[in-house]
Amino acid sequence: MDGRTARAERTRAAIVDAHLALITEGDLRPTGERIAERAGVSLRALWTNFSDMETLFEASGGQVLARQDAAYQPVDPSLPLHRRVEEYCRQRAELLQLIAPMARAAAMREPVSAQLRRNRLKHIDRVRDEVSALFAPELEMAGQGRDQLLAALIASTMWPAWSMLLDGLDLDVDAARGVMVRTVTALLLTAMASGMA
């Protein structure tokens with residue numbers, strides 16, 4: 001990598017870091033001017049590196065996924081069901097708390113941002129893959145209700161449900177995690193029983 005390319009990469013990284021830092025600090029709709037100021041670059045440099053907010057949302061979304069990847073620890077699929085549920089929900093709560101400011105900011109702009117919708121779909125795909133592998137035996141036992149159970153598990157452990165528990169019902173993290181455990185357990189046991197009937 002030559003010096004010019006390295007400088008450009010550092011500038012892009014500084015802009016993304018500034019964008020996410022402002023959001024984390026509570027500025028859920030930071031302007032280009034504030035992002036550039038925080039990054040220590042000119043506004044022209046910001047828009048030279050990112051043609052519009054959509055391209056910045058794409059880069060910032062990639063950084064959020066990288067932070068989640070760094071914090072992620074796979075749950076052992078050989079654990080008993082109650083342990084798998086406990087460990088899955090513990091980790092989901094931690095990851096959701098990690099992305100909370102960015103998720104709140106994205107929710108404000110997602111109706112008019114195709115890139116933010118694409119970012120959300122990446123999170124959904126990751127949860128779908130994890131749930132499909134971690135609860136594969138129970139999903140199989142659900143029989144014809146498998147797809148419905150999978151959708152319910154995904155929906156109950158994504159940001160909108162977590163936001164309802166914290167922001168809507170004013171629960172603390174421990175209480176919200178307890179509700180998630182209860183919900184996931186009930187979904188799995190009920191679907192398994194129906195599939196075996």
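The values are calculated or read from the model by the stated rules, or taken from the named source; none is laboratory data. None of the values given here were measured: they were computed from a predicted structure. All Cβ positions, glycine included, derive from the backbone under ideal geometry; neighbour counts span all protein chains shown. Accessible surface areas use protein heavy atoms only, side chains included; no ligands, DNA or RNA. Shrake-Rupley method; radii C 1.70, N 1.55, O 1.52, S 1.80 Å.
Within segment 127-151, how many residues turn out to be in contact with a Leu (Cβ under 9 Å, 6 or more places away or on another chain), within 18 Å of Met180 (Cα to Cα) and either of a type in the set (Ser, Thr, Tyr) or open to solvent by 30 Å² or more (accessible area, probe 1.4 Å) (or both)?
Within segment 127-151, residues that are in contact with a Leu (Cβ under 9 Å, 6 or more places away or on another chain), within 18 Å of Met180 (Cα to Cα) and either of a type in the set (Ser, Thr, Tyr) or open to solvent by 30 Å² or more (accessible area, probe 1.4 Å) (or both) number 2.
Tell me whether segment 178-194 contains one or more residues that are under 19 Å from the mean Cα position of the chain (by Cα) and not in a helix (DSSP H, G or I).
no
Can you tell me how many residues in segment 69-89 are open to solvent by less than 80 Å² (accessible area, probe 1.4 Å) and over 30 Å from Thr11 (Cα atoms)?
Residues meeting the conditions: 10.
Mind telling me which of the residues Ile124, Ile154 ends up being touching a helix residue (DSSP H, G or I) at 6+ places or on another chain (Cβ under 9 Å), surrounded by 15 or more Cβ atoms within 10 Å (Cβ to Cβ) and not polar (S, T, N, Q)?
The unique qualifying residue is Ile154.
Test Ala66 against the criterion of being under 18 Å from the mean Cα position of the chain (by Cα), open to solvent by less than 70 Å² (accessible area, probe 1.4 Å) and free of Cβ contacts under 8 Å to residues at least 40 places away in the same chain, and give yes or no.
Yes; evaluated as a whole, the condition is true for this residue.
For segment 42-63, enumerate the residues that are touching a helix residue (DSSP H, G or I) at 6+ places or on another chain (Cβ under 7 Å), open to solvent by less than 80 Å² (accessible area, probe 1.4 Å) and in contact (Cβ under 8 Å) with a residue 12 or more places away in the chain.
Within segment 42-63, Ala45, Leu46, Asn49, Phe50, Glu54, Leu56, Phe57, Ala59, Ser60, Gly61, Gln63 qualify.
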